[in-house]
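Here is the structure we will look at, set down as structure tokens.
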Amino acid sequence: GWTENHMTAQHFTGAPPPARFNMAAYAIGRAAAAFPDKPALLVVADPAARAPSETWTFAALEDAVLRVAAALADLGLKRGDRILIRLENTSAYALLFFGAIAGGFTALPASSQLTAREAAFLLEDSGATTVALADHLPLTEIPAGVRVLAADEITRMIRHPRRATYADTAAGDPAFLIYTSGTTSKPKGVLHAQRSAWGRRPMYDGWYGISASDRMMHAGAFNWTYTLGVGLTDPWANGATSIVYTGEKDPALWPRLSAQREATLFAGVPSLYRQILKYARPDAGSL
């Protein structure tokens, strides 16, 4: 079963979050007000292309996220309802994740590569009422009573005619639900509060010194919580630009891609750095 993530003052030494706090408003809303025309998200699908396949300014990002939030509410979802996300590695994944949080719903990011058994367990254990499903996944595996959102429906939600406002959530209200890998037993859901984004603040200076002038390139896919946190939430909360590559992952391309997109920060798992050193042989300063 899922459990709540209890983050208390005894475990966090920084300033406490405001009592009323919405993670999406914190990560996106503030930057959209301060830097509306600044690039927030660059999506690179082809490393040989001169320009990114998608460029989202902070204003466009906020508009899409709030339209997704409105679309979910207009479908009848209630505050706190859980949405299992099993989409391909496209920007729609990130927009649905933050749109759900903006609307006061609970996002459950997962991989489209889960087995039918794994996905069925997440649906049953989490109590998700809605699932966003990649096109190649069968509908027959979805239990009765669970609403299915196809990938093209998420695209339409981004252009929904109504735009919501950020939900007036408390800092302790749920934002997203993450399941453990289940290496030693059944996966367990860990419910993260809206304030979890605020809890990342000590890393800004203590880890990578991120600021609004940075351009963060993250090597992970959108369904990784590492990407959603370090690759998106943290840069946006600081007014920085996030760069995500969605093409075939070749370790040798990262130094070239980082230089091409003028990334000032690069994030990846330790095994990727080992692969880059072995196969890419990066020049000094390329990463």
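Two decimals is fine: what's Rg over Rh for the chain, C-alpha atoms, Kirkwood radius as Rh? Show your work: numbers first, answer last.
On the way: Rg = 18.5 Å, Rh = 19.4 Å.
In the chain, Rg relative to Rh is 0.95.
Mind checking which helices in the chain clear 20 Å along their axis (Cα) and have mean Kyte-Doolittle hydropathy of 1.0 or more, DSSP H runs only?
Numbers: long enough: 58-74 (24 Å, 1.19).
Helices meeting the span and hydropathy rule in the chain are 58-74.
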Next item on the list: Leaving out ligands and nucleic acids, note down the accessible area per residue over the chain with a 1.4 angstrom probe, in whole Å².
Entry: 46 Å²
Notebook entry, point to check: Where in the range 56-160 are there trypsin sites (Lys or Arg not before Pro) that are in a DSSP coil and have at most 12 other Cβ atoms within 10 angstrom of their Cβ?
Noted result: Lys78, Arg159
Check: By how many nm would the segment from Thr225 to Ala15 lengthen if fully extended, with 0.36 nm per residue of separation less the alpha-carbon distance?
Finding: 73.2 nm
Note to self: Relative contact order for the chain: what percent, with Cα pairs under 8 Å and sequence separation of 6 or more?
What the structure shows: 23 percent
Notebook entry, point to check: Can you pull the accessible area of Arg200 for me, 1.4 Å probe, Å² to the nearest 10?
Noted result: 60 Å²
Note to self: Amide H of Thr246 versus every other amide H placed in the peptide plane: which residues, excluding those fewer than 5 positions away on the same chain, fall under 5 Å?
What the structure shows: Val44, Ala45
Margin query: Just to confirm a number: summing +1 for Lys and Arg and -1 for Asp and Glu over residues other than Pro17 whose beta-carbon lies under 10 angstrom from that of Pro17, what do you get?
Written below: +3
Next item on the list: Output the Kirkwood hydrodynamic radius of the range 11-99, Cα pairs only, in Å rounded to one decimal.
Entry: 15.1 Å
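For each pair in Lys78/Lys186; Lys186/Lys278; Lys188/Lys278, compute the distance between the two Cα atoms and list the pairs where it is over 30 Å.
On the way: Lys78/Lys186 28 Å; Lys186/Lys278 36 Å; Lys188/Lys278 36 Å.
Where the Cα-Cα span goes over 30 Å, the pairs concerned are Lys186/Lys278; Lys188/Lys278.
Run lengths n ≥ 4 of DSSP H only: what is the helix-derived mean residue ellipticity at 222 nm for the chain, with -39500 (n - 2.57) per run over all residues, to the nearest 500?
Values: 8 runs with 70 residues, N = 287.
Result for the chain, helices only: -7000 deg cm²/dmol.
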Notebook entry, point to check: Given the alpha-carbon gyration tensor of the range 1-155, what are the semi-axes of its equivalent ellipsoid in whole angstrom, ordered largest first, with each equal to the square root of 5 times an eigenvalue?
Noted result: 26, 24, 15
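The values are calculated or read from the model by the stated rules, or taken from the named source; none is laboratory data. None of these values were measured; they are calculated from a predicted model. Positions of Cβ are generated from backbone atoms using ideal geometry, with glycine treated the same way; all protein chains shown enter the neighbour counts. For accessibility, only protein heavy atoms count, side chains too; no ligands or nucleic acids. Shrake-Rupley method; radii C 1.70, N 1.55, O 1.52, S 1.80 Å.
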